[in-house]
Amino acid sequence: MYKAFVVNDGKSTRFSFRKFLTDAKFDVIAASHPIDARAIMAANEFD
């Protein structure tokens, strides 16, 4: 399974991307803030 990372401050935008990508069989991680995003990126590998 592929892994995708979504960073956006809009809750509905993150939800929409998560739904679309999950339906396409991606494992999705989402963040709303750049500081959170940096920590997530340091701890994960993405496709």
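A few notes on this one:
- The Cα atoms of the chain cover 27, 24, 9 Å along the three principal axes, with the biggest extent listed first.
- Sequence-distant aspartates and glutamates (8 or more away, or on other chains) whose Cα lies within less than 16 Å of LYS11: ASP36
- If only the Cβ of Lys and Arg carry +1 and only the Cβ of Asp and Glu carry -1, the dipole of the chain around its Cα centre is close to 160 debye.
- Interchain or long-range residues, amide H under 5 Å from LYS3's placed H: ASP27, ASP47
- The slack in the chain from LYS25 to ARG38, taken as 0.36 nm per residue of separation less the alpha-carbon distance, amounts to 2.3 nm.
- Between the listed residues ALA42, ALA24, SER12, the Cα displaced farthest toward the positive end of the dipole of the chain, a dipole computed from Cβ unit charges relative to the Cα centre, is found at SER12.
- Averaging the sequence gap over all C-alpha pairs within less than 8 Å and six or more residues apart, then dividing by the number of residues, gives the chain a relative contact order of 49 percent.
No lab work stands behind these numbers, since they all come straight from the coordinates. Not measured: the values here are computed from a predicted model. Note: ideal-geometry Cβ built from the backbone for every residue, glycine included; neighbour counts use all protein chains shown.
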